[in-house]
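*Asks:* I am attaching a structure below and will ask some questions about it afterwards.
The values are calculated or read from the model by the stated rules, or taken from the named source; none is laboratory data. Note that this is a predicted model, so its numbers are computed, not measured. Ideal geometry is used to build each Cβ from the backbone, glycine not excepted, and the neighbour counts take in all protein chains shown.
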There are 4 protein chains.
Amino acid sequence: MNFISDNVVGASDKILAAIAAANAGTAGSYGADEWTARVEQQLNAFFEREVTVFMVTTGTAANALAAAAICPPWGALLTHRESHVIDDECGAPEFYMGGAKLTGLPGTGGKLTPEIIEAHIANEPGGTRRPPIKGLSIAQGTEFGLVYSAAEIAALTAAAKAHGLRVHMDGARFSNALVALGCTPAEMTWKAGIDVLSLGGTKNGCLMAEAVVFFDPALAEDFRFKRKRAGQTLSKQRLISAQFEAFLDGDHWRDLARHSNAMAARLTAGLAPLPHVRLGWPQQINQVFPIVSQGLWAHLTDAGVKCIDWSETSLSPDNPAGADEVVLRLVTSFRTTTDDIDRLVSLMAGYRGNS
Amino acid sequence: MNFISDNVVGASDKILAAIAAANAGTAGSYGADEWTARVEQQLNAFFEREVTVFMVTTGTAANALAAAAICPPWGALLTHRESHVIDDECGAPEFYMGGAKLTGLPGTGGKLTPEIIEAHIANEPGGTRRPPIKGLSIAQGTEFGLVYSAAEIAALTAAAKAHGLRVHMDGARFSNALVALGCTPAEMTWKAGIDVLSLGGTKNGCLMAEAVVFFDPALAEDFRFKRKRAGQTLSKQRLISAQFEAFLDGDHWRDLARHSNAMAARLTAGLAPLPHVRLGWPQQINQVFPIVSQGLWAHLTDAGVKCIDWSETSLSPDNPAGADEVVLRLVTSFRTTTDDIDRLVSLMAGYRGNS
Amino acid sequence: MNFISDNVVGASDKILAAIAAANAGTAGSYGADEWTARVEQQLNAFFEREVTVFMVTTGTAANALAAAAICPPWGALLTHRESHVIDDECGAPEFYMGGAKLTGLPGTGGKLTPEIIEAHIANEPGGTRRPPIKGLSIAQGTEFGLVYSAAEIAALTAAAKAHGLRVHMDGARFSNALVALGCTPAEMTWKAGIDVLSLGGTKNGCLMAEAVVFFDPALAEDFRFKRKRAGQTLSKQRLISAQFEAFLDGDHWRDLARHSNAMAARLTAGLAPLPHVRLGWPQQINQVFPIVSQGLWAHLTDAGVKCIDWSETSLSPDNPAGADEVVLRLVTSFRTTTDDIDRLVSLMAGYRGNS
Amino acid sequence: MNFISDNVVGASDKILAAIAAANAGTAGSYGADEWTARVEQQLNAFFEREVTVFMVTTGTAANALAAAAICPPWGALLTHRESHVIDDECGAPEFYMGGAKLTGLPGTGGKLTPEIIEAHIANEPGGTRRPPIKGLSIAQGTEFGLVYSAAEIAALTAAAKAHGLRVHMDGARFSNALVALGCTPAEMTWKAGIDVLSLGGTKNGCLMAEAVVFFDPALAEDFRFKRKRAGQTLSKQRLISAQFEAFLDGDHWRDLARHSNAMAARLTAGLAPLPHVRLGWPQQINQVFPIVSQGLWAHLTDAGVKCIDWSETSLSPDNPAGADEVVLRLVTSFRTTTDDIDRLVSLMAGYRGNS
C-alpha cells in the first residue's frame, strides 16, 4: 500500500485512452493543434470567462512561470514559509524569476491570513534595503492538506492588492480543493481575486498535465515566449492537451477527486476512535496527517505501508508533536480502494506498542 | 501531405503501447521507477560504456541544460550562427546558462570546422572585454540536414579541447545521423570527444522523449538539482522512460530512422532528373532542401503540400539562391509513405511555370 | 605618449578639487546628500526638462542597467555588431538583463540606419523561435569615432518605435559628440526620441562619474532597487555627485571636450598630407583611426607611442585595409597637448619604411 | 550629532591626499597601474601569505561577488537570518549568484554556531526538494556589533567544511573587528578557515574602497571576468587602489578603527550608570545598541541626535525589549569626538521622562 503521494499511480483509463486516440494523424506542432484549441474552449467554460492558458509539463514549471509572471527579478514574492514553491521545488521559482526573493511567512497549517501579510508589510524598513514586494503565492490546498474558503481567498487577495501585489494560486490539487469546498472554479479563483493559477492534472488522474491559467490578460503578455524559453513548449503538445480534454470532459476531474477525497475521509473516520492517533490538521482533501508514535510508524512500515513523515513546524501551538512522535503524511488517489483504507485502519488500530 | 517537420506525427505503435503498458500500478516518483532503471542500463549498452542520463521533456530543455553544464554564466559558448540553439530556442540556452553568451560562427550547411574555431579564437582581443570561451555546441545533423563524419567530429573536439572547451552535441535527429553514417553510437559521440549529448526521441517516433547523456561524469555533478530547478523532473517519469525503453528495444529507433531517411533519399532520387530543381545541400538524413522558384512553391501549396522555406545564409557560395528562388525544407518521418513521396515528386515534376 | 584611451589620465583640477571640497562634514548616505540634489537640478537644466537620474560607478554598469530597463529577460536588444555593449563589456548587459539576447546588426563605422533595422525586423521568422525584440541601443559616438546627427537619431528612434522598441544611447563620450554636433543635449537625446541615456563623465575629465538618465519616467520605475541590487549604490555618493557638479558647472564638460576634440582634429590635419597614411573613418570626436603599415606601427611603438589596433570589420567596403596594414586607434584627452600631437605627426611623417 | 552610520563621514585626510596624489600622469586602465600593484603587495604582507585581490566599489558588490564565487546558481548559501547579505542588500547576492537561495538561520546577536549549522543540515529532507547547500557567509562583526573570536570562526568553518561548504566573511567592519580581537588578519581569516573575504575600507575612513580577497586561489578563477561583467571594473582603478594604499600604509586602518572603537567604548562606559538604559548586546566594535524608552529616543531626536532603531529579533531571550522600548543603533566613526560622546551621554543621562 503506497500512500507516499498521489503521483505514484499512472493515469485513469479514460485519460490514457485519450492519449492513444490523439496519437494518429498529423497535427500542428507547438500547440497549433485541435486538442489544444478544444481545451482552451473547455477552460473558458470551466471558469465561466475567457482565460489565457498555457500547457506545461510539471507543476514546478507552472508555479515558477506563474511566479515570474507576477514578480520581476528585482522583486520579492510572499508565500508561506513551508509552501511547496519555497521548500520543495529546488529553487525553480528563484531561477525562473531571475533571482527574485521568495519571502516565507508563518501560518498554522500552511495557511496565510490578511493579518500575517499586513504585519509583514508594516515591518518593512523602507529605503532600498529590501526588494519591493510584488506578489503573493498561496496554495490551494496547502502542504498540510488545508483549503482556503472562497471568502478567505478574497480577504487575502484584497489585502495583497491594497499593496499592489498580484496573486498566484498553486493548484497542484485544485480538483481536490474544489470538491472539498463545493464551490465553482470561478468562485475559487478570479471571483476571489486570483490573477494566475497553476492548474494541476497530474496528481488527479493524468500522466502529465499542468497548465498556467491567466485571469488577468496583461500578465499573459509575452508568455508564449517565456514558456518556449523555459523549454516547456512541447512539439507534440497534443500529448498534454488530449489529457486535459478528457480530464475536463464530463467533469471527469470531479469524479476522480471525489473518490480520492472520499478515501481520505474514510481513513479519517477510521482513525477517529483510536486513542493513540490524532490528526495534525483537519482532513479536508486527499491527505491525512496522523500524529503517531515512532513505534506505530515502524509497525506500518514493517507491514508494507509506504508513507513519509512531514514537517511539524506548521502545527498549531495547541497541538504539538511529542518528542517520540512523528507526523505522517498519507495521500490517497483516484486509485486508492476502500480495501486499502480499511486494511490501513486495521493495521493502525491493531498496534499495541503504545500500551 | 505534411512535410513541415518530423514532429507533426504522433508516436509509433510500439512506443504508444509502451506508454499504455507502463500506466498500471504504483511506481516511485521523480525517476525512482523500474522503467527508468532499465533505460539507464539500455543506454549503457547502447553507448558501450557507463553513461549518466537524465530524461527531460523537450529538446530545447535538453540543449539548454547541456549548454549550462559546459558553460558557466560568465562564459561564452561557440556554435554555428544558424544553429538551433542560437536561432530557434527563444533564448532558452541563455536563460539556462544564466546570461552566458552564445557566439555564432559561420560555416556552409551549418557545419563548423577546426579552422573556423581556430580563427575565431585567434581573433579574440584578450583582457576582459569578452567572456572566456568555455564550450562548443554542434548539431548532428545540422539545421541543413548535414552530418559530421566521426572523423570530422573528432577533429572539431580536438580543436576545442586544445583551448579547454567542453563539447556538446545536439542530437535532436541523432538516430537519423547514426543511420546515415552507419557507425556506432560510441563512435559518433564519446569516442570522438563529445562530453554531453542531447539525445532526441521525439522527432523519431516518440511522443515526448528527450534525454541529456553525460559521457564525462564530472559534468553530471549536481545535475539532478539542475533538472529539478528547471521544472524538468517529471513526477511520473515512467511516461518518458517507457518510451525510451521501447525506442531502444530491438533497435526500434534504427528501423524508424532508416525509414524516414529512405523516404528522403527516395525524394532526392525523384527530384534529381528535374531541370528546375536543385538541392541546397546534399541529402544525408531525413531532410531535403530543394531550391525552387516561388512559382513552384505556390504550386505545391495549392496542391495541399505543407512545408516551410528555409534560410539561405548557409548555402555554399558556389550554389546561391536566385532572386526569385526559395529554399524549401521537406522533412520526412517514420510515417511518411512511398506514396507520399511519389505524389510529391510527381507534383514537382509536373510544374510548368518555369518553362 | 599614451593614446590608448581617454581613460589613462586622472581628473581635471577642478573636478579633483570638488572631491576634496565635498569630503568634509557628515552627509546622508546612498544619495541623500546635497551634492546629489544639486546635480539633479543641474541635469534638469542641462536637458531642459525634468529627468530622473541615477549615478553609478562605471559605464559598463550604466549601459547594462539601462539595457535591462528597456529589455526584459525574455527579450532581444538590437545593437551594432561591434558596439561596446555587445563586444567590450564581458557580457554585462546579458547578465543585468537576466539572459536576454543582444542581437548585432551590421553598419559602416558602427552606425546603424533605419534601413538596417527594418531589414532585420522584416526577416524575423515569427512564432516563438526568437525572443521578441524589445529595444535598441546606439552609441553616440560609436566605437569608430562617428556621431549620429540629431536627424539621424530621430530617424532611428522613429523606426524603432514603429515596432514598439525603446531606445538607449550609450553616451560614454557624450560630451565629445555634443561638441562635435554643436547642438543642445536635449536635441541630441529626448527631442530625438531617446528614452534612456548612459551619461559618461569618466572619459572626459572625471575620475569616476557615470549616470543613467531617464527621459521616460515609466522606465525609471523601481530603478533605485535595481541599482542597489547591482551593487551600484554608493554609501558616500557625494564622491560621484561632487564630480558631476563640477563637470556641469560653468560648462566645464564643454571646455574639456572641446580640447580633446581639437587635439584629434589637429592630429587629423597633420596626417592629411602624408601619402602613407589614410583614415579608416572620418575624424569627428576625440578619436583618430589611421590605416597604416605594420612597419609604421612598429616604428611608433619603438618611439614610445602607446596605442592599440582596432577592428577592420566595420570599415567601408570602399576603404578596406590591406594585408600588411593595420587600423590604429589614437584617442586624445583633455590633457593631450599640442606638443604631443605635433611630435606624433612628426614621427609618422618621418617614417620611411614604406618607400 | 550623526550616529546613523560610519558612512556619513568622508575620508580621512591621509586617504584624501592619496587620491589627489594619484591623479597626475597617465596610468594603465582597469587595474594595470602601479597603485594596484603596490596594494596587492601590501595585502600579501597584511595577510602573511599570497592572496588574490580584486578591488570593487561597494560592499554589496563585494559580498555578492564573493557569494557567487562560493555558491553556484543552483545552490543554497547559509547565513544568519538577519545578516546584511540576506536583509540589507536588496537581493544583490541572489542576483549575482544567478538565482541561488539564501537560507537564513537563527542566532543571538547575529552570530551563528556550529550547532545551528549542524541542526539545519541534519534537518534537510534529501532528494532534490531543496538546492544543495554550497556555502556559508558570516559577518565579522555582525549586524549587532558582535565579533567572533578566531576560535569561534575556526569552529564554524570546520563545521561548514565537514559538509563541503566554502566560507565567506563579510568584513565591512573588518578593521573594527580586528582591533577588537587584537589578533592578526591571518588569524581572523585564512588560518581560521575563511576562503574569501569582503574587505571593507569605506566605513573606516575611505571614500570608496572595497575588495574581494581570495585565500583559496581556485575560487578566484575567472574572477576578473566576473568583476568586469558586474560593472565593477573601474577604468581609473587607481582611484580605489590609492585609497587602499594609504589605508594600509603605516597601519592607518588600525589608528582609524581604534579611534572609532574607543568612542563606542566611551559611550558604553558613559551609559553604564544610567538606570533607564541597558544594552541590547555587549559593545565590542564601533556600534552601541542601547534599549531605551520611546520617550528617550524622542528626547534625543529633539536635541538633534540622529540615529535609527534596530531589529529586536536577534536579542537574547533573557534580554527582551519591552512594548514601549526601542533598540537604538549608535555608530561611531574615525571622526567622532570625545565631545560628541560626552554630549550624547549627558543628553541621555538628563532624560527624566522615565521617572
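*Asks:* Would you mind telling me which numbered condition in (1) over 25 Å from C:Thr336 (Cα atoms); (2) more than 14 Å from chain A (Cβ to nearest Cβ); (3) in contact with a His (Cβ under 8 Å, 6 or more places away or on another chain) C:Asp170 fails?
*Replies:* (1)
*Asks:* I'd like the full set of residues that are surrounded by 24 or more Cβ atoms within 10 Å (Cβ to Cβ) and part of a helix (DSSP H, G or I), limited to the range B:213-226.
*Replies:* From the range B:213-226, those surrounded by 24 or more Cβ atoms within 10 Å (Cβ to Cβ) are B:213, B:226; that's our starting set.
Result: B:Lys226, single match.
*Asks:* Additional query: Of the residues that sit in the range B:227-240 and are touching a residue at least 24 places away in the same chain (Cβ under 8 Å) and not in a helix (DSSP H, G or I), which one is nearest to the other protein chains (Cβ to nearest Cβ)?
*Replies:* This residue is B:Ser235.
A quick yes/no check of all residues on (1) of a type in the set (Asp, Glu); (2) touching a residue at least 60 places away in the same chain (Cβ under 8 Å); (3) more than 18 Å from C:Ala218 (Cα to Cα):
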{"site": "C:Leu43", "(1), (2), (3)": "no, yes, yes"}
{"site": "C:Phe46", "(1), (2), (3)": "no, yes, yes"}
{"site": "C:Glu50", "(1), (2), (3)": "yes, no, no"}
{"site": "C:Cys71", "(1), (2), (3)": "no, yes, no"}
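*Asks:* Continuing with the same structure: Report whether or not C:Ala172 is among the hydrophobic types (A, V, I, L, M, F, W, C), touching a strand residue (DSSP E or B) at 6+ places or on another chain (Cβ under 7 Å) and not assigned by TED's automatic domain parsing to the domain that holds C:Pro282.
*Replies:* yes
*Asks:* Looking only at the range C:329-344, which residues are among the hydroxyl-bearing types (Ser, Thr, Tyr) and either at pLDDT below 95 or part of a helix (DSSP H, G or I) (or both)? It would help to see each step written out before you state the result.
*Replies:* Taking the range C:329-344 as the starting set, the residues that turn out to be among the hydroxyl-bearing types (Ser, Thr, Tyr) are C:332-333, C:336-338.
Scanning the range C:329-344 gives a single hit, C:Thr338.
*Asks:* Identify all residues within the range B:305-328 that are in a loop (DSSP other than H, G, I, E, B) and over 30 Å from B:Arg254 (Cα atoms); write none if there are none. Can you show your working first?
*Replies:* The initial filter retains those residues of the range B:305-328 that are in a loop (DSSP other than H, G, I, E, B), namely B:305, B:307, B:310-324.
Across the range B:305-328, the qualifying residues are B:Glu312, B:Thr313, B:Ser316, B:Pro317, B:Asp318, B:Asn319, B:Pro320, B:Ala321, B:Gly322, B:Ala323, B:Asp324.
*Asks:* For the range A:289-297, does any single residue satisfy the condition of being in contact (Cβ under 8 Å) with a residue 60 or more places away in the chain and not in a strand (DSSP E or B)?
*Replies:* Taking the range A:289-297 and keeping what is in contact (Cβ under 8 Å) with a residue 60 or more places away in the chain, we get A:289, A:293.
Remaining after also requiring not in a strand (DSSP E or B): A:289.
For the range A:289-297, residues in contact (Cβ under 8 Å) with a residue 60 or more places away in the chain and not in a strand (DSSP E or B): present.
*Asks:* What number of residues in the range D:271-296 are surrounded by 18 or more Cβ atoms within 10 Å (Cβ to Cβ) and touching an Asp or Glu at 6+ places or on another chain (Cβ under 7 Å)?
*Replies:* 3
*Asks:* Continuing with this model, one more query. Do we have A:Thr142 as closer than 25 Å to A:Gly280 by Cβ and part of a loop (DSSP other than H, G, I, E, B) here?
*Replies:* Values: closer than 25 Å to A:Gly280 by Cβ: yes; part of a loop (DSSP other than H, G, I, E, B): yes.
Criteria met by A:Thr142.
*Asks:* Under 9 Å between Cβ atoms, which residue pairs at least 6 apart in sequence (or on different chains) link something in the range A:328-342 that is within 18 Å of A:Lys14 (Cα to Cα) with a partner that is of a type in the set (Lys, Arg) and crowded, with 23+ Cβ neighbours inside 10 Å?
*Replies:* Short answer, once both residue conditions are applied: A:Ser333/A:Lys203.
*Asks:* For the range D:185-209, give me each residue that is within 13 Å of D:Met169 (Cα to Cα) and either in a loop (DSSP other than H, G, I, E, B) or within 14 Å of another protein chain (Cβ to nearest Cβ) (or both).
*Replies:* D:Thr189, D:Gly193, D:Ile194, D:Asp195, D:Ser198, D:Gly200 - these are the residues of the range D:185-209 that are within 13 Å of D:Met169 (Cα to Cα) and either in a loop (DSSP other than H, G, I, E, B) or within 14 Å of another protein chain (Cβ to nearest Cβ) (or both).
*Asks:* When B:Ala67 is evaluated against the numbered criteria (1) touching a strand residue (DSSP E or B) at 6+ places or on another chain (Cβ under 7 Å); (2) at positive phi, which criterion, by number, is the only one it fails?
*Replies:* (2)
*Asks:* Output the number of the condition that A:Ala45 fails; it satisfies all remaining conditions of (1) more than 9 Å from chain B (Cβ to nearest Cβ); (2) hydrophobic (A, V, I, L, M, F, W, C); (3) farther than 23 Å from A:Lys226 by Cβ; (4) buried (at least 19 other Cβ atoms within 10 Å of the Cβ).
*Replies:* Evaluating A:Ala45 over (1) more than 9 Å from chain B (Cβ to nearest Cβ); (2) hydrophobic (A, V, I, L, M, F, W, C); (3) farther than 23 Å from A:Lys226 by Cβ; (4) buried (at least 19 other Cβ atoms within 10 Å of the Cβ) leaves (4) as the failure.
*Asks:* Continuing with this model, one more query. Testing B:Gly31 on (1) touching a helix residue (DSSP H, G or I) at 6+ places or on another chain (Cβ under 9 Å); (2) on the phi < 0 side of the Ramachandran plot, one condition comes back false. Which one is that?
*Replies:* Failed condition: (2).
*Asks:* Which residue is farthest from the other protein chains (Cβ to nearest Cβ), if the candidates are limited to the range A:2-15 and must be of a type outside the set (Asp, Glu) and over 19 Å from A:Val327 (Cβ atoms)?
*Replies:* Going through the range A:2-15, the residues of a type outside the set (Asp, Glu) turn out to be A:2-5, A:7-12, A:14-15.
Imposing the further condition that a residue be over 19 Å from A:Val327 (Cβ atoms) reduces the set to A:7-12, A:14-15.
On the way: A:Asn7: 4, A:Val8: 4, A:Val9: 6, A:Gly10: 4, A:Ala11: 6, A:Ser12: 9, A:Lys14: 12, A:Ile15: 9 Å.
Selected residue: A:Lys14.
Per-residue answers, yes or no, for (1) touching a Leu at 6+ places or on another chain (Cβ under 8 Å); (2) at pLDDT 95 or above; (3) under 30 Å from C:Ala68 (Cβ atoms):
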{"position": "C:Ser241", "(1), (2), (3)": "no, yes, yes"}
{"position": "C:Arg254", "(1), (2), (3)": "yes, yes, no"}
{"position": "C:Ser260", "(1), (2), (3)": "no, yes, no"}
{"position": "C:Ala264", "(1), (2), (3)": "yes, yes, no"}
{"position": "C:Leu271", "(1), (2), (3)": "yes, yes, no"}
{"position": "C:Asn286", "(1), (2), (3)": "no, yes, yes"}
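*Asks:* Mind listing whichever residues of the range A:107-135 are outside any helix (DSSP H, G or I), away from every other protein chain (no Cβ under 13 Å) and free of Cβ contacts under 8 Å to residues at least 60 places away in the same chain? Before you say what the answer is, go through the steps one by one.
*Replies:* The initial filter retains those residues of the range A:107-135 that are outside any helix (DSSP H, G or I), namely A:107, A:111-113, A:123-135.
In the following step, the residues that additionally are away from every other protein chain (no Cβ under 13 Å) were identified as A:107, A:111-113, A:135.
Correct list: A:Lys111, A:Leu112, A:Thr113.
*Asks:* Ok, one more. Looking at C:Gly322, C:Gly270, which is the one that is farther than 30 Å from C:Glu40 by Cβ, away from chain D (no Cβ under 14 Å) and in contact (Cβ under 8 Å) with a residue 40 or more places away in the chain? Show your work before the answer.
*Replies:* Numbers: C:Gly322 fails: in contact (Cβ under 8 Å) with a residue 40 or more places away in the chain.
On inspection, the qualifying residue turns out to be C:Gly270.
*Asks:* Restricting the search to the range A:108-151, which residues are within 15 Å of A:Ile194 (Cα to Cα) and touching a His at 6+ places or on another chain (Cβ under 9 Å)?
*Replies:* Residues satisfying the conditions are A:Leu112, A:Gly135, A:Leu136, A:Ser137, A:Ile138, A:Ala139.
*Asks:* Of everything in the range C:81-106 that's in contact with a Pro (Cβ under 8 Å, 6 or more places away or on another chain) and more than 14 Å from chain A (Cβ to nearest Cβ), which residue is surrounded by the fewest Cβ atoms within 10 Å (Cβ to Cβ)? Give the steps one after another, and end with the answer.
*Replies:* Start the filter on the range C:81-106 by keeping residues that are in contact with a Pro (Cβ under 8 Å, 6 or more places away or on another chain), which leaves C:81, C:85-86, C:90-91, C:95, C:97-102.
With the extra rule that they be more than 14 Å from chain A (Cβ to nearest Cβ), the set shrinks to C:81, C:85-86, C:90-91, C:102.
Working: C:Arg81: 16, C:Val85: 26, C:Ile86: 23, C:Cys90: 27, C:Gly91: 24, C:Leu102: 24.
Only one residue fits best here, namely C:Arg81.
*Asks:* Do we have A:Gly99 as part of a loop (DSSP other than H, G, I, E, B), assigned by TED's automatic domain parsing to the domain that holds A:Thr60, more than 18 Å from A:Ala160 (Cα to Cα) and out of contact with any Asp or Glu (no Cβ under 9 Å at 6 or more places or on another chain) here? Break it down stepwise before answering.
*Replies:* On the way: part of a loop (DSSP other than H, G, I, E, B): yes; assigned by TED's automatic domain parsing to the domain that holds A:Thr60: yes; more than 18 Å from A:Ala160 (Cα to Cα): yes; out of contact with any Asp or Glu (no Cβ under 9 Å at 6 or more places or on another chain): no.
No; evaluated as a whole, the condition is false for this residue.
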